[in-house]
Amino acid sequence: MDPKELKRERLIKRIAQELPDGALVNLGIGMPTMVGNYVPADRTILLHSENGFTGLGPAASKDKINQSIVNAGGQPVTILPGGAFFDSAMSFAIIRGGHVDYTVLGALEVDMEGNLANYMIPGKMVPGMGGAMDLVAGARNVIVAMEHVNKNGAPKILKKCSLPLTAKGEVDLIVTDMAFIRVTKKGLVLEEIAEDTTVEEVVKATEAPLHIAGTIRKF
Amino acid sequence: MKPILTADKAVENINDGCTLMVSGFMGCGNAFTLIDALIRKGTKAINLITSDTAYPDVGVGRIICQNRAATLTASHIGTNPVSGQKMNSGELKVTLVPQGTLAERMRSKGAGLGGVLTPTGVGTAVEEGKQKLNIGGKDYLLELPLGANFAFIKAEVADKYGNAFLPGATKNMAVSMAMAADHVIVEAGQIVEPGELDPEKITIPGVFVSALVKAVLPASNVQVKP
């Protein structure tokens with residue numbers, strides 16, 4: 001596995017450890033989807049697919065495609081025993097009503113007040129927010145999974161988001177290839193760092209000020 | 001009993017400038033037969049309301065790609081690049097609505113409500129021009145009801161009273177749309193006699209349904225990305 005993949009796997013594994021047994025979880029498209037593969041063996045989580053079911057299972061193999069079951073990315077998937085189908089109004093009632101325990105999703109930018117920008121870049125990428133705004137506003141715990149810096153090496157954890165917001169003040173946890181950061185009322189608290197980095201390196205790669213926890217664990 | 005029509009007959013009165021809801025999610029659950037008949041009829045300047053615009057030339061995506069829509073209200077257009085191109089060129093006026101808000105705006109229309117109060121979009125561009133209310137210490141946006149002249153719904157089975165069963169994840173926006181639109185056309189894989197569909201397993205009560213059409217195109221909507 002190339003180093004980038006390994007770092008990605010590490011942060012995904014770390015997020016998976018945060019999810020308690022029995023949690024109802026919605027995973028965003030892309031890297032967050034992989035979190036489901038790393039849930040510790042002694043726990044069972046239930047995945048929610050915002051287009052209309054709980055019990056989201058693995059991708060459907062070519063010979064087992066059911067034309068009526070796709071995930072939120074439109075890909076053919078399976079439903080696990082114990083799952084339930086419902087319509088969009090119910091699905092988003094589950095989301096907004098605080099019945100989804102955790103949502104894990106990517107970010108373009110996140111800031112020290114827990115603001116999140118992940119759905120558009122004006123003039124460049126305007127795909128629409130889909131269910132992201134509802135998920136971030138409604139889920140009990142919002143976990144951002146992303147690379148610590150962007151393609152050009154610039155920080156993505158900012159004092160203030162510059163891109164249009166997906167939601168205001170809703171992010172609880174930011175987990176990157178470098179750090180595990182909790183969003184608190186007093187600001188961002190660095191609690192853990194990746195095993196191949198230092199607190200200094202994390203601070204340097206972060207625009208927002210970081211409170212450093214008394215004991216920094218490694219992951 | 002509801003009229004059972006051919007697809008061409010069912011879309012006969014869907015004219016230029018109408019507002020049309022099409023249920024489905026990334027093509028999953030689109031009414032392919034009705035969409036095909038509407039394209040054939042040549043209706044233009046449609047005000048289209050849909051969850052997303054699927055893929056180019058798949059299901060509801062065809063209404064965009066064949067230049068039949070004047071406005072689009074949707075939550076996501078990223079999987080159909082043509083929607084974005086037309087939005088940028090000004091050819092298509094696009095209103096992006098959070099997915100849950102879209103469902104509730106339609107549901108509230110059909111439920112006789114004056115709108116819904118939602119926390120979704122507070123502090124974002126979505127709140128622009130909307131009334132904000134503080135209820136119990138929390139801010140909510142007032143989102144108004146959304147109706148349409150017509151809705152296209154895809155069902156697996158419908159009985160002659162219009163009661164419809166929609167399997168799996170094809171329910172998505174269909175229930176809200178069936179409630180919200182004036183004329184609801186259900187395209188069903190099977191149309192059965194009253195009593196043959198278990199009343200315990202109805203996704204959409206026939207009370208919302210105006211007409212039935214037998215599906216002739218298969219639901220080959222699901223695409224595996226390479």
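Computed from the coordinates by the stated procedures, all read-outs in this text should not be read as laboratory data. The shown structure was predicted, so the numbers you read here are calculated from the model rather than taken from an experiment. Cβ placement follows ideal geometry from the backbone for every residue including glycine, while neighbour counts extend to all protein chains displayed.
Could you list B:His183, B:His76, A:His148, A:His211 in order of exposure, starting from the residue whose Cβ has the fewest other Cβ atoms within 10 Å? Mind dumping the intermediate values first?
Values: B:His183 16, B:His76 28, A:His148 23, A:His211 13.
In order of increasing Cβ crowding within 10 Å: A:His211, B:His183, A:His148, B:His76.
Would you kindly state how much longer the chain becomes between A:Asp42 and A:Glu207 on full extension, computed as 0.36 nm times their sequence separation minus their alpha carbon distance, in nm to one decimal? List each step's numbers first, then the result.
Values: separation 165, 0.36 × 165 = 59.40 nm, distance 3.78 nm.
That pair, A:Asp42 and A:Glu207, stretches by 55.6 nm at full extension.
To check you understand DSSP bridge types, tell me what percent of the beta bridges within chain B (both residues inside) are antiparallel, rounded to 5.
Counting DSSP beta bridges with both partners in chain B, the antiparallel share is about 25 percent.
Averaging sequence separations of C-alpha pairs under 8 Å and six or more residues apart, then dividing by the length of region A:3-218, give the relative contact order as a whole percent.
Values: 464 pairs, mean separation 36.6, N = 216.
Relative contact order, region A:3-218: 17 percent.
Under the classification rounded if a/c is under 1.5, otherwise prolate if a/b is larger than b/c and oblate if not, where does region B:152-208 fall, given a ≥ b ≥ c as square roots of the Cα gyration tensor eigenvalues?
On the way: a/c = 1.66, a/b = 1.34, b/c = 1.23.
Cα axes put region B:152-208 in the prolate bin.
For B:Asn88 and A:Ile29, what does the FRET efficiency come to when R0 = 22 Å and r is the distance between their Cβ atoms, rounded to the nearest 0.05? Walk me through the numbers on the way to the answer.
Values: r = 23 Å, r/R0 = 1.04.
Taking R0 as 22 Å, the efficiency between B:Asn88 and A:Ile29 is 0.45.
Which percent, nearest 5, of DSSP beta bridges in region A:3-218 are antiparallel?
Working: 21 of 41 bridges.
Taking every DSSP beta bridge within region A:3-218, about 50 percent pair in antiparallel fashion.
Per q in 0.08, 0.12, 0.14 Å⁻¹, report the Debye log10 I(q)/I(0) for region A:3-218, using one uniform scatterer on each alpha carbon and no solvent.
Ignoring solvent entirely, the Cα scatterers give -0.28, -0.63, -0.85.
Report the FRET efficiency, 1/(1 + (r/R0)^6), for A:Asp2 and B:Ile4, where r is their Cβ-Cβ distance and R0 is 60 Å, rounded to 0.05.
0.55
Treat each spin label as a single point 7 Å out from the Cα along the C-beta direction, and report the A:Ile216 to B:Ile39 distance in nm.
5.8
When a/c is below 1.5 the answer is rounded, else prolate if a/b is larger than b/c, else oblate, so apply that to chain B with a ≥ b ≥ c taken from the square roots of the Cα gyration tensor eigenvalues. List each step's numbers first, then the result.
Details: a/c = 1.82, a/b = 1.26, b/c = 1.44.
Note, shape of chain B comes out oblate.
Where a ≥ b ≥ c are the square roots of the eigenvalues of the C-alpha gyration tensor, would you call region A:110-188 rounded, which needs a/c under 1.5, or, failing that, prolate if a/b is larger than b/c, or oblate? Write out the running numbers ahead of the final one.
Working: a/c = 1.68, a/b = 1.10, b/c = 1.52.
Oblate.
Once phi is turned into ³J(HN,Hα) by the Karplus curve 6.51 cos²θ - 1.76 cosθ + 1.60 with θ = phi - 60°, what whole-Hz value does each residue of region A:129-145 show in order, with x for glycine and proline?
7, x, x, 4, 5, 5, 4, 6, 6, x, 5, 5, 10, 10, 10, 8, 10
Using a simple spin-label model with points 7 Å from Cα along the Cα→Cβ vector, what separation in nm is obtained for A:Lys160 and A:Asp196?
Label at A:Lys160, label at A:Asp196, 3.6 nm between them.
Excluding B:Phe165 itself, what net charge comes from residues whose Cβ is under 12 Å from its Cβ, given Lys and Arg +1 and Asp and Glu -1? Present the calculation step by step, with values, prior to reporting the outcome.
Numbers: positive: B:Lys154, B:Lys171, B:Lys201; negative: B:Glu156, B:Asp159, B:Glu196, B:Asp198, B:Glu200.
Around B:Phe165, the charge tally is -2.
In straight Cα distance, which lysines are under 26 Å from A:Lys151, not counting same-chain residues fewer than 8 positions off?
A:Lys4, A:Lys7, A:Lys13, A:Lys124, A:Lys159, A:Lys160, A:Lys168, A:Lys204, A:Lys218, B:Lys225
Residue by residue, what Karplus-based ³J(HN,Hα) values in Hz, rounded to whole numbers, does region B:171-182 have, using 6.51, -1.76 and 1.60 with θ = phi - 60° and x for Gly and Pro?
5, 4, 7, 4, 5, 4, 5, 4, 6, 8, 8, 5
Treating the angle as unsigned and between 0 and 90°, give the value, to the nearest 10°, between the Cα long axis of helix B:99-110 and the longest Cα principal axis of chain B.
It works out to around 70 degrees.
Over the whole of B:17-27, what's the average partner chain Cβ count within 10 Å per residue? Rounded to a whole number, please.
2
Contact order normalised by length for region B:16-60, with contacts defined as Cα pairs under 8 Å and 6 or more residues apart; what percent is it? Numbers along the way, then the final one.
Numbers: 59 pairs, mean separation 24.9, N = 45.
Over region B:16-60, the number comes to 55 percent.
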